[in-house]
Amino acid sequence: MSKREKYSFAAAPATAKKFWKSLEAKENPAAFAKAAEPEFPMGVGTVEDAASVSRRGFLTVATATAAAIGLEGCVRRPVEQILPYAQAPEYLNPGVPMHYATSVERRGEALGLLVTTHEGRPTKIEGNPEHPASLGSTDLLAQAMVLDLYDPDRSNAPKQGEAKKTFADVDALMASIVRTHSADAGAGLRILATPSISPSFLRLRAAVQQRFPQAKFYTWTPVNESNAREGARLAFGEPVVAHHDYQGAKIILSIDSDFLQTESGSIRSARRFADGRRLSQATDSMSRLYVVESTHSTTGANADHRLALAPSKITAYLRALAKELATAHRIELGPLGAALQGASNAGLPTKWISNVAKELVGARGRSVIVAGSRQPAAVHALVHALNAALGNHGATIVFSSVADTTETDQTASITAFAAGLEGAKTAIILGGNPVFDAPADLDLATKLARVETSLHFSGTHDETCHATKWHVPRAHELESWGDLRALDGTVTIQQPLIAPLFGGRTDLEVLAQLAGERNWRGYYVVRQTLRGAAGVQNGFESEWRRVLHRGFVAGSAEPPRPGVIDMSRVATALGRSEPAVDGFEAVFLACAKMLDGRHANNAWLLELPDPLTRITWDNVALLSPKTASELGVRNGDMIRVTRDGTSIELPAWKLPGQPDKAVGLLMGWGRKHAGRYGNDVGFDVYPLRRSDALHSAAVQVAKLAGSYPISQTQDHDSMEGRPIAIDGTLEEFKADPTFAIHRSPTPRTLPLWREVEYRGHKWGLVIDLGACTGCNTCVIACQSENNIPTVGKAMVAKGREMHWIRIDRYFVGEDANEPEVAFQPLACQQCEEAPCENVCPVEATAHSPEGLNDMAYNRCIGTRYCANNCPYKARRFNYFNWHTKNEADEEVPPTRQMQFNPNVTVRMRGVMEKCTYCVQRIETARTATKIAGRPMRDGDINVACAQACPSNAITFGDLNDAASRVSRQNQVSRHYKLLADIGAQPRTTFLAKVRNPNPEMSA
Ligand code: SF4
């Protein structure tokens, strides 16, 4: 019998806001509490349920990681035969990973990366700390791309129709294309590529155009920057790129820009935004973020004030704000002033116009207005004009030139390509998947079928390959030589980490063949470009090695420059604004996981809960709770969305904060030819997306009979109303900088056991909830580092997802239509008095001498007492052998086995697992520093989640080192322990979130 005092939870202050995970929990807390009583969702512990998993379920269950063949029953360890190298490759030390600098393209910019390889296999991706775009971090897509590399459904041979061909056949075909079009100067040659930021691509494109002067180049990507470019062209006369200083800005106004997640440059934006809001003491200041948006985005979830508006009303809001600035505050807008005379506040909340204008004027030269890529060019131009008038240009906003000054509007370009296919003899498509994602009215598949010779270079045999005569495997970015230009102009090198697994070609190599380059291999192409650009002839080899080592050409960034705006052009553009729509509007959304559909066969991303809805393995139509109730639909009910006679049917989902009458449609789902994981997963929304309205459109919505099962995690792992994700306002923080610890006080009870004195290292982790944006990058980073399997949709529905770190998303406040949001990353808290350790009958989980709550996997007998006793619900149980075979007894493909981190044990069926602070990284650093003959220093070790986090929300280190970052974070007054009342003494701790609302907004 415990002699402890009975635990009583600290009562929340009367003024504390209500936290809720789902509308069901908010509307019926009693029923929700009852459902949460059994600790785990219905059926989670019923192993025999596996028999009912369908064959498709088996395939989705097939893990994204794999070990060698496992034998069931009495033999728990895989039996493997291995052979040593007869002749080891040069520089290779078995067991010692190598790290290489490279880069990938992400929404029009280069992302500098460091890739870890084990014996030649890329296994893990990190950001390059010296690169201006990544700053040492990544986004979740970069974390997941290593799984795309090992996708078992990647194309492994060229094809003509359904007939397998060789690369020699492809070379012969390319030679014949060259011969044919040498005769007509390229008149019948059409080339479609994704927009490129590669200096080599641009050089080779010019060379191809010189060789075939009549040939036509086009570009297309469905999530693009065309409106931003056109807006800049209107404002400045040229398509410049704006760089926003989210750290220095005091007032930030986002006009439908998800700059923290899905927009270009999001990693750097998230870091700078978080840096502008880190509070250590009461005298610190922080920025204030206003978001006006047409869906509920990650950026909106981090806003201090958020206004949900239907897409067509956003221009009206900005015009009204501009008019207020010009008239009430005498901001000089020149000829633009007259164009704004007709702007009206009708239907818009007045406080959002008057207060925001006042705030922007009060922060002249220290504010930022940013428009999202969905917004029309006129809105971008007006935003430039307002920033200029507010004195932000040259202060919080600077500009650089774009990589490709000839790039035209993407919709115009793909429309011209479709038209140009009439009469074309040869169509070459480099990458992308336009048959799936181009505007539906262009009917590319039919037009391509009429072209005599059509080739698609693609990583998988996708929808476009099925419409072209030829398909050629395209090398993955981690297999390719290339060069890319970061937004600031920094030339970044892409070097292959592995030879193409299936012999794919790169875009550069195809263009080099067409251009007649003697050495058309990517390696020579990139060197040739760099040699020409750098003008380095003597000493090139040593410069080349330096560039490869660093990953980019030092000093190649452009000096930033201010923009010179032409207000009269902006005024003219504003006159062409679209009228508001009265009725339902569809808004087409770039998916945080699929982007445009290119990652549709990535099981990690498919299973990752959506940042806001927490839905896995599906997309839905997002509706506001009010709209859903007017339509009479519940979560999962099927609806029909119709635009001009074309309909799609998909399940509805109520998303608090979604604008009324705005139907959010996530793009990239519902693929037919993605691969075994992604085929027929989710619902294709592209049929409604046409060239006349790429981002939003008036639609009709009707409820259908029937519903569709959705697997989501938002109600899993409930902590039942206790103080969890603690937040307060800046005012509260200034009044009491230690407010968080008062809401989650540590009890004065004596410890159960004799307390351990840690004489060496004492590892700890601090998570700053004020910096966490909820982007999910850490979840995939942890999965990639720790060989964490996926389990499939049916298993997620049972609460069997395996993520070691999860992001709990809470809605905050009383209003279901306008809630605030709080995110809380949650993993094993490495408790000092761990409730799990006390109940394990075989001591499979026990404390290490450095304070980790270790797991001895081969001891675990799977009673799951520990998971039951974990107050944080942070433990995961292997109900099946996710890593070996799926339940259809199909072995996981060999390419998947290549992704494994060899330093992390692969867990078998019946074993409990959880976060262990990446103990393998601790041991690696221990060995390295021992060899170097020095003690471990702060920064020698970083755990995977902390290293990947774009906003530096997670800090890991030694709590016994008073100077370490983690120790200093522990001293910050916002610091608190989660459910401290329980007395478990968690080692992972939190910094409370602080919001910075404008008191006048609630007046
Ligand atoms: S802690 Fe995780 S979810 Fe939060 S910002 Fe960092 S990576 Fe994103």
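The values are calculated or read from the model by the stated rules, or taken from the named source; none is laboratory data. On a predicted model such as this, the values are computed, not experimentally measured, just so you know. Reconstructed Cβ throughout: ideal geometry from the backbone, glycine too, with neighbour counts over all protein chains shown. Note: accessible area is taken over every heavy atom of the protein model, side chains too, but ligands, DNA and RNA are not part of it. Shrake-Rupley method; radii C 1.70, N 1.55, O 1.52, S 1.80 Å.
Between residue 696 and residues 5 or more places away or on another chain, which pairs have amide H atoms under 5 Å apart, with H built 1.01 Å from N, and which residues are they?
588
Starting from the Cα gyration tensor of segment 349-389, take the square roots of the eigenvalues, sort them a ≥ b ≥ c, and report rounded, prolate or oblate (rounded when a/c is under 1.5, otherwise prolate if a/b is larger than b/c, else oblate).
oblate
In whole percent, what relative contact order does segment 828-919 give with Cα contacts below 8 Å and a gap of six or more residues?
On the way: 120 pairs, mean separation 30.2, N = 92.
Once normalised by length, the contact order is 33 percent.
Which semi-axis lengths, in whole Å and largest first, follow from the square roots of five times the eigenvalues of the Cα gyration tensor of the chain? Write down the numbers at each step before the final one.
Numbers: eigenvalues 356, 269, 163 Å².
Equivalent ellipsoid semi-axes, largest first: 42, 37, 29 Å.
For residue 925, what charge total do you get from the other residues with a beta carbon under 10 Å from its beta carbon, if Lys and Arg give +1 and Asp and Glu give -1? Walk me through the intermediate numbers first.
Numbers: positive: 921, 926, 930, 937; negative: 923, 940.
So the surrounding residues net to +2.
Percent antiparallel among DSSP beta bridges with both residues in the chain, to the nearest 5? Intermediate values should be presented prior to the final figure.
Details: 73 of 122 bridges.
If I count the DSSP bridges inside the chain, around 60 percent turn out antiparallel.
What would the Debye equation give as log₁₀ I(q)/I(0) for segment 240-401 at q = 0.10, 0.13, 0.17 Å⁻¹, counting only Cα atoms as equal point scatterers?
Once normalised to I(0) and log-transformed, intensities are -0.33, -0.56, -0.99.
How far is it, in nm, from the label point at residue 28 to the one at residue 749 when both lie 7 Å from their Cα along the line to the Cβ?
Label at residue 28, label at residue 749, 3.4 nm between them.
What is the extension gain from residue 1002 to residue 364, computed as 0.36 nm multiplied by their sequence separation minus the C-alpha to C-alpha distance, in nm to one decimal? Numbers along the way, then the final one.
Details: separation 638, 0.36 × 638 = 229.68 nm, distance 2.33 nm.
In short, 227.4 nm is gained.
On average, how much accessible surface per residue is there in the chain, in Å², for a 1.4 Å probe, leaving out ligands, DNA and RNA?
Working: 37550 Å² over 1003 residues.
For the chain, the per-residue accessible area is 37 Å².
Between residue 183 and residue 518, how high is the FRET efficiency from 1/(1 + (r/R0)^6) when r is the Cβ-Cβ distance and R₀ = 22 Å? Nearest 0.05.
Values: r = 22 Å, r/R0 = 1.00.
E between residue 183 and residue 518, to the nearest 0.05, is 0.50.
Distances over 26 Å make up what percent of all Cα-Cα pairs in segment 581-712? Walk me through the numbers on the way to the answer.
Details: 1299 of 8646 pairs.
Of all Cα-Cα distances in segment 581-712, 15 percent exceed 26 Å.
Give me the extension gain from residue 412 to residue 167: residue separation times 0.36 nm, minus the current Cα-Cα distance, reported in nm with one decimal.
Values: separation 245, 0.36 × 245 = 88.20 nm, distance 3.37 nm.
Full-extension gain reported as 84.8 nm.
Give the carbon-plus-sulfur fraction of the accessible surface of the chain in %, rounded to a whole number; probe 1.4 Å, heavy atoms of protein chains only.
Working: 19500 of 37550 Å².
With neighbouring chains kept in place, the figure for the chain is 52 percent.
Counting other Cβ atoms within 10 Å, keep those with at most 12, restrict to DSSP loop, and tell me which trypsin sites (Lys or Arg not before Pro) in segment 743-837 are left.
On the way: sites: 743, 748, 754, 759, 762, 793, 798, 800, 806, 809; in loops: 748, 754, 759, 762, 798, 800.
Listed in order of number, the matching sites are 748, 754, 759.
Exceeding 18 Å between C-alpha atoms, which entries from my cross-link table qualify? They are 703/798; 216/672; 798/873; 165/216; 164/469; 313/351.
Working: 703/798 28 Å; 216/672 30 Å; 798/873 14 Å; 165/216 27 Å; 164/469 12 Å; 313/351 16 Å.
Cα-Cα > 18 Å for 703/798; 216/672; 165/216; rest within.
Whose amide H sits under 5 Å from the amide H of residue 892, counting only residues 5 or more places off or on another chain, with H placed in the peptide plane?
886
Each residue of segment 384-395 in turn: what ³J(HN,Hα) in whole Hz from Karplus with 6.51, -1.76, 1.60 and θ = phi - 60°, glycine and Pro shown as x?
Coupling constants for segment 384-395: 4, 5, 5, 4, 5, 5, 8, x, 7, 5, x, 10 Hz.
What three numbers, in Å, describe the spread of the alpha carbons of segment 830-950 along their principal axes, ordered from the longest?
The Cα atoms of segment 830-950 stretch 50, 40, 30 Å along the principal axes, largest first.
What are the ³J(HN,Hα) values, in whole Hz, obtained from phi via the Karplus relation 6.51 cos²θ - 1.76 cosθ + 1.60 with θ = phi - 60°, for each residue of segment 610-620 in sequence order, with x given for Gly and Pro?
Coupling constants for segment 610-620: 4, x, 9, 7, 6, 7, 10, 6, 6, 10, 9 Hz.
Mind giving me the nanometre distance, one decimal, between the label points for residue 99 and residue 626, set 7 Å out from Cα along Cα→Cβ?
The answer from the label model is 5.1 nm.
Stretch residue 833-residue 742 to full length: gain in nm at 0.36 nm per residue minus the Cα-Cα span? Walk me through the numbers on the way to the answer.
Numbers: separation 91, 0.36 × 91 = 32.76 nm, distance 2.12 nm.
Difference between extended and current length: 30.6 nm.
Return the calculated 222 nm mean residue ellipticity for the chain, to the nearest 500 deg cm²/dmol, obtained by summing -39500 (n - 2.57) across DSSP H runs with n ≥ 4 and dividing by the residue count. Write down the numbers at each step before the final one.
Values: 32 runs with 272 residues, N = 1003.
Theoretical 222 nm ellipticity from helices: -7500 deg cm²/dmol.
List the residues, sorted by chain then number, that are 5 or more residues from residue 711 or on another chain and whose placed amide H is less than 5 Å from its amide H.
Close amide H contacts, sequence-distant or interchain: 616.
Using Cα-Cα distances under 8 Å and only pairs 6 or more residues apart, what relative contact order does segment 240-401 have, in percent? If you can, show how the numbers build up before the last one.
Working: 263 pairs, mean separation 51.9, N = 162.
It comes to 32 percent, rounded to a whole number.
Nearest 5 is fine: what % of DSSP beta bridges in segment 240-401 come out antiparallel, could you say? Please report the intermediate quantities before stating the final value.
Numbers: 5 of 20 bridges.
Of the beta bridges lying entirely in segment 240-401, close to 25 percent run antiparallel.
Over what distance in Å are the Cα centres of segment 247-301 and segment 726-789 separated?
Taking the Cα centre of segment 726-789 as reference, the centre of segment 247-301 is 22 Å away.
If you average the sequence gap of Cα pairs under 8 Å that are 6 or more apart and divide by the length of segment 624-736, what percent do you get for the contact order?
Values: 137 pairs, mean separation 33.6, N = 113.
Value for segment 624-736: 30 percent.
List, in order, the whole-Hz ³J(HN,Hα) value for each residue of segment 817-822 obtained from phi through the Karplus relation with A = 6.51, B = -1.76, C = 1.60 and θ = phi - 60°; use x for Gly and Pro.
8, 9, x, 7, 10, 10
Grab the beta carbon distance between residue 452 and residue 691, set R0 = 35 Å, and tell me the FRET efficiency rounded to 0.05.
0.85
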